[in-house]
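The values are calculated or read from the model by the stated rules, or taken from the named source; none is laboratory data. A quick note: this is a predicted structure, and the numbers were derived from the prediction, not measured. Please note: Cβ atoms are built from the backbone with ideal geometry, for glycine as well, and neighbour counts cover all protein chains shown.
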Amino acid sequence: MSVRVQTQDFDLSAELATMRAGRSDIGALVTFTGLVRDMAKSGPVTEMELEHYPGMTERALEQIVSEAHERWPLQDALIIHRHGPLAPGDQIVLVATASPHRHAAFEAAEFLMDYLKSRAPFWKKEHGATGAQWVDARESDEQALSRWTKS
Amino acid sequence: MDVIYFAWVRERIGLPRETVDTNAATVADLVDELRAREPRYALAFADMSAIRVALDQELTGLDASLEGVREVAFFPPMTGG
């Protein structure tokens, strides 16, 4: 299973061991882990709440993974994204890509992250001393996405 | 059809989902109908540049046709990752 949306935490080394199990053809394994930061524009963050659209989230992530497989010679790709209440320092998202060579693995991991940031139906709400605020989408995230559509 | 709301759209409208009887031809027509209902809808849909829409769980635009659609979702720009 290449896409998982869950409330529970994940274990990076266990996931990598699963990807590597029983094969020796992988030359490069790139991983990205996103964490909850303790500071927002509005001040210190005490809790991060992640809402998502059950059903559409899995579909959107699966589409993104299939597109990555079409673009790069990947042997495997994995996305784990958590939802629900999270605390500063918690893991939010894991992206892992496996390929015979590093360039494809690096690029595909960036592509997956850039796409899921603004195309997978998740919404973050930060709780702090002054109350709770929905996180605004960033223009820089849209720009990050646009570089993959230029041919 | 089922209409679903997420994040601050859900909070402004005050409910996560509802069944709407409508003859609206497009998403924009449906938004106009909802806006006319009550101020909380007008507030949620005040700035359509801040609203994204999915029909049957596929992202689409406001001019999209509602023909054959079972589920419409309205939400703010996504902030995953």
Query raised in the report: Of the residues A:R59, A:R4, A:R23, which is within 12 Å of another protein chain (Cβ to nearest Cβ) and out of contact with any Asp or Glu (no Cβ under 7 Å at 6 or more places or on another chain)?
Result: A:R59
Report task. Check B:V31, B:V20, B:V27, B:V72 and return the single one that is of a type in the set (V, I, T) and within 14 Å of another protein chain (Cβ to nearest Cβ). Result -> B:V72
Report task. Starting from the stretch A:108-122, take each residue that is more than 9 Å from every other protein chain (Cβ to nearest Cβ) and list its partners that are surrounded by fewer than 24 Cβ atoms within 10 Å (Cβ to Cβ) and modelled with pLDDT under 95, counting only C-beta distances under 9 angstrom and pairs at least six apart or across chains. Result -> A:E110/A:A144; A:E110/A:W148; A:F111/A:W148; A:Y115/A:L145; A:Y115/A:W148
Report summary line: Of the residues in the stretch A:1-20 that are part of a helix (DSSP H, G or I) and among the hydrophobic types (A, V, I, L, M, F, W, C), the one that is surrounded by the fewest Cβ atoms within 10 Å (Cβ to Cβ) is A:A14
Query raised in the report: How many residues are loosely packed, with under 15 Cβ neighbours inside 10 Å and either without any contact (Cβ under 8 Å) to a residue 24 or more places away in the chain or within 20 Å of A:L145 (Cβ to Cβ) (or both) if we restrict to the stretch B:63-79?
Result: 1
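In this structure, does B:I4 turn out to be of a type in the set (A, V, I, L, M), away from chain A (no Cβ under 13 Å), in contact with a Lys or Arg (Cβ under 9 Å, 6 or more places away or on another chain) and under 23 Å from A:W134 (Cβ atoms)?
Numbers: of a type in the set (A, V, I, L, M): yes; away from chain A (no Cβ under 13 Å): no; in contact with a Lys or Arg (Cβ under 9 Å, 6 or more places away or on another chain): yes; under 23 Å from A:W134 (Cβ atoms): yes.
No; evaluated as a whole, the condition is false for this residue.
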